[in-house]
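Q: First the structure, then my questions, so here it is.
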């Protein structure tokens with residue numbers, strides 16, 4: 001079905017990409033720090049679902065449209081940056097709002113936000129760089145000489161990547177949660193973790209634009 005040598009090369013390259021620090025890992029760790037292991041796991045699943053959606057886009061040609069059209073690329077880029085900035089601003093606002101409660105001698109309670117799964121999935125889908133990754137990286141491992149169609153090979157490789165990345169993301173989540181638990185021993189730590197999360201989201205929005 002697939003060329004064994006190309007498959008091994010794909011798995012090796014994908015592993016290195018998934019392990020290497022990047023915006024997705026920063027988002028994942030920020031959510032884990034702020035909202036715990038369950039939120040981190042939801043993020044990992046959201047990124048995997050985003051990868052599935054990008055695979056579908058690549059197969060039906062929407063990613064090619066982003067590559068060919070500067071206007072479409074810029075539009076998606078700004079949508080993704082605006083969404084990340086919105087998440088960051090809302091996180092900061094909710095954190096500072098909760099400070100008033102803390103000043104009344106009540107314990108700080110982190111405000112529950114949108115589903116981390118939805119946030120991660122939308123962040124992945126609205127990142128045009130991820131779309132170009134799927135259309136530029138995956139086709140290198142397609143073997144047109146095989147009986148399996150090029151479209152089917154693209155779909156298989158595209159779906160393999162999120163499957164491979166998911167356990168790696170879960171490893172990040174495990175250690176991120178351990179670090180977060182250490183900092184949460186201080187009463188005001190959750191407040192500062194939420195604020196750091198907000199700043200990370202805004203930084204990711206700026207990074208996407210740049």
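Q: Starting from the Cα-Cα distance between residue 145 and residue 96, subtract it from 0.36 nm times their residue separation and give me the gain in nm to one decimal.
A: Full extension of this stretch gives 11.7 nm more.
Q: Extending each Cα 7 Å along its Cβ direction at residue 3 and residue 199, get the distance between those two points in nm, one decimal.
A: It is 4.8 nm.
Q: How would you classify the range 1-77 from its alpha-carbon gyration tensor, with a ≥ b ≥ c the square roots of the eigenvalues: rounded for a/c under 1.5, else prolate if a/b is greater than b/c, otherwise oblate?
A: It comes out oblate by the Cα gyration axes.
Q: Ok, one more. Using a basic spin-label model with each label point 7 Å from the Cα along Cα→Cβ, how many nm lie between residue 65 and residue 26?
A: Modelled inter-label distance: 2.9 nm.
Read the figures in this text as sums done on the coordinates, not as results from a lab. None of these values were measured; they are calculated from a predicted model. All Cβ positions, even for glycine, are placed from backbone atoms using ideal geometry, and neighbour counts span all protein chains on display.
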